[in-house]
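To start, the structure itself, in structure tokens.
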Amino acid sequence: MAESEYSSNENASIDSDSIEDQSKQDLELQFSEDEETLVIRMFNLVGERWGLIAGRIPGRTAEEIEKYWNTRYSTS
């Protein structure tokens, strides 16, 4: 009986970890209005050159900007 209690607690721990990871990813995708405007303007100028765009926004990586763009503006 103790083993089944342990495994259910272990599963709860795994679930809470994945929830924390998801909320952490959501926080990363929150861009300020200025950042969003800059991403749009830079995308219109240079296209999908995420590294170049990220170079203009301190603290943002190319991966974050690409993910933000694809979740917010992608037409696919």
- [ ] Could you please state how large a percent of the accessible area of segment 33-74 is carbon and sulfur, counting protein chains only and using a 1.4 Å probe?
- [x] 47 percent
- [ ] Alpha carbons only, please: Rg and Dmax for segment 33-76, in angstrom.
- [x] 9.3, 28
TODO: Kindly rank 59-69, 29-39 from highest to lowest mean number of other beta carbons found within 10 Å of each residue.
DONE: 59-69, 29-39
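The values are calculated or read from the model by the stated rules, or taken from the named source; none is laboratory data. Here the structure is a predicted model, which means the values were calculated and not measured. We place every Cβ from the backbone using ideal geometry, glycine too, and count neighbours over all the protein chains shown. Surface areas here come from the heavy atoms of the whole protein model, side chains and all, with no ligands, DNA or RNA. Shrake-Rupley method; radii C 1.70, N 1.55, O 1.52, S 1.80 Å.
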